[in-house]
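Before any comments, here is the structure.
No lab work stands behind these numbers, since they all come straight from the coordinates. Since this is a predicted model, take the numbers as computed values, not measurements. Cβ atoms come from the backbone with ideal geometry, glycine included; neighbour counts cover every protein chain shown.
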Amino acid sequence: MKDKSEHITMLHGAGGTVMHSLVKNYIVKHFGNAVNIEVPLEALDDAAVVDNIVLKSDSHAVKPLFFPGGDIGCIAVAGTVNDIAVLGAEPYALACGFVLEEGLALKDFERILTSMQRTCQKAGVSIVTGDTKVVEKGSLGGCVINTSGIGKRTEALERNLEVVRRFRGDFKARWILDSNLKAGDKIILSGTIGDHGLAVLSAQEGLSFGSDIKSDVKPLNRVIQSLLGEVGGVVAMKDPTRGGLADALNEFSEKSHVGILIHEDRVPIRNDVQAACEMLGLDPLEIGNEGKVVVGVVEEKAEEALELLKTTEEGKDAEIIGEATADFKGVAMQTLVGGKRIISRPVGDPVPRIC
Ligand code: MG
């Protein structure tokens, strides 16, 4: 009997350990080790850096196309913008490839384009090139959008790095990378988790949860640039998308070779999201988000960074949720009842096709 793992399964696209092994064992095997790339493919960061330009490509296959709080159009712009922004760069130009499914209503296509344009305006970016293909009716779900983009260094990033070096003399990194954390750095989460995954799940399954759970999808580049320029001290950043906060923290921990301890009572979760997760047997730490950022910042700047975030719409529910530590390896959570729970990398996001 053939091993199921010889074929692509939905888990291969769900963040988590199964997707990471696909990327490492197949994609990096063939495309890794390109020469003279400052932040290369095999760093597996949110984006690459080539000749001082941050470069990112991201395909968006969220199902359904429209869901509470958002649609595939705003995700297609915000997803790529945020991956560029978390390296510390300012995104400025995007390329967009549409794969449209036969039968997609033109009014829905126009609604998606309008949403993309609105999100571009919010982020201050432009779509400058692209492509359109059409495939026969099947299971595409209407359309898939690939968005690639470039971002450049900014004054704010330079100021941020100067602040880091003031506290950490040996800091050599030129970008905000997953591998930059050191024991003692604080971990800030910009707001509540699980909202996006549950909003998409509710649309997929026709559930209402008797509440008002909406996607958090939004571009974060402006708030990130203010944080870098006005406070500084940021060393690592990640948008906790597929695989959620659990996957993002494990990426930090593995690449930076530090332990991370978070505190359950400080992780912001809406009551209705928590209740829906309990009802469905889902762990909110493993559910994807599209408008949140996890920030590693030097301890001396953590309170100031939190204060700035709290003055913004994007970061009004931000909290310092934990710290990097040399006491253990991996990620752990101090629970409400007083124990410690290991937070391992999820096998895959429990909600399929969330982005
Ligand atoms: Mg990312």
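Note on the stretch 4-152: Rg/Rh from C-alpha atoms, Kirkwood Rh, equals 0.98. Placing pseudo-labels 7 Å out from each Cα toward the beta carbon at LYS24 and LYS329 gives an inter-label distance of 1.2 nm. Structure note, pairs LYS63/LYS214; LYS214/LYS316; LYS186/LYS238; LYS218/LYS310; LYS301/LYS329: Cα-Cα distances above 18 angstrom occur for LYS301/LYS329. Counting neighbouring Cβ atoms within 10 Å and putting the fewest first, the residues ASP58, ASP247 line up as ASP58, ASP247.
Report the paramagnetic label zone for THR114: residues of the stretch 67-98 whose backbone N is under 20 Å from a point 7 Å from Cα along the Cα-to-Cβ axis. Only 67-78 fall inside the zone, counting backbone N under 20 Å. Note on the chain: GNM, Cα springs under 10 Å; of HIS257, HIS20, HIS30, the largest mean-square fluctuation is that of HIS30.
Take the Cα of LYS107, step 7 Å toward its Cβ, do the same at LYS214, and the gap between the two points is 2.3 nm. Candidates GLY206, CYS143, VAL54 compared by Cα position along the dipole of the chain: farthest toward the positive end lies VAL54, with charges placed on Cβ.
Report, in deg cm²/dmol and to the nearest 500, the calculated mean residue ellipticity at 222 nm for the chain, where each DSSP H run with n ≥ 4 adds -39500 (n - 2.57) and the sum is divided by the residue count. Let's see the in-between values first.
Details: 9 runs with 101 residues, N = 355.
Computed ellipticity for the chain at 222 nm equals -8500 deg cm²/dmol.
Can you give the net charge of the other residues whose Cβ lies under 13 Å from the Cβ of ASP51, counting K and R as +1 and D and E as -1? The partial results should precede the final answer.
Numbers: positive: LYS152, ARG153, ARG174; negative: GLU38.
Around ASP51, the charge tally is +2.
Computed from the Cα positions only, the extents of the stretch 153-296 along the three principal axes stand at 52, 30, 22 Å, in decreasing order.
Quick one: compute the contact order of the chain, relative version, from alpha carbon pairs under 8 angstrom and 6+ residues apart, as a percent. Walk me through the intermediate numbers first.
Values: 823 pairs, mean separation 83.8, N = 355.
Relative CO of the chain lands at 24 percent.
For PRO352, neighbours were defined as the other residues whose beta-carbon sits under 14 Å from its Cβ, and their charges (Lys and Arg +1, Asp and Glu -1) total 0.
Specify the longest stretch of the chain that does not include any exposed loop site, a site being one of the GluC sites (Glu not before Pro) with a non-H, G, I, E, B DSSP assignment and at most 14 other Cβ atoms within 10 Å. Could you put the intermediate results ahead of the total?
Working: sites that count: GLU38, GLU102, GLU136, GLU313.
In the chain, the maximal stretch lacking such sites is 137-312.
Each of SER190, SER57 was scored by other Cβ atoms within 10 Å of its Cβ. Arranged with the fewest first, they read SER57, SER190. Straight-distance candidates among the aspartates and glutamates for linking to LYS292, with alpha-carbon spacing under 13 Å and chain neighbours fewer than 8 residues away dropped: ASP83, ASP195, ASP216, ASP239, GLU313, GLU314, ASP317, GLU319.
Extending 7 Å from the Cα toward the beta-carbon at both VAL337 and GLU278 defines two label points whose distance is 1.3 nm.
Sites listed here are trypsin sites (Lys or Arg not before Pro) in the stretch 275-355 whose DSSP assignment is loop and whose Cβ has at most 14 other Cβ atoms within 10 Å: LYS316, LYS329. Other residues with beta-carbon under 12 Å from the beta-carbon of GLU251 carry, at +1 per Lys or Arg and -1 per Asp or Glu, a net charge of -2. Annotation: the residues MET116, MET279, MET19, MET237, sorted from fewest to most other C-beta atoms within 10 Å of their own C-beta, follow the order MET279, MET19, MET116, MET237.
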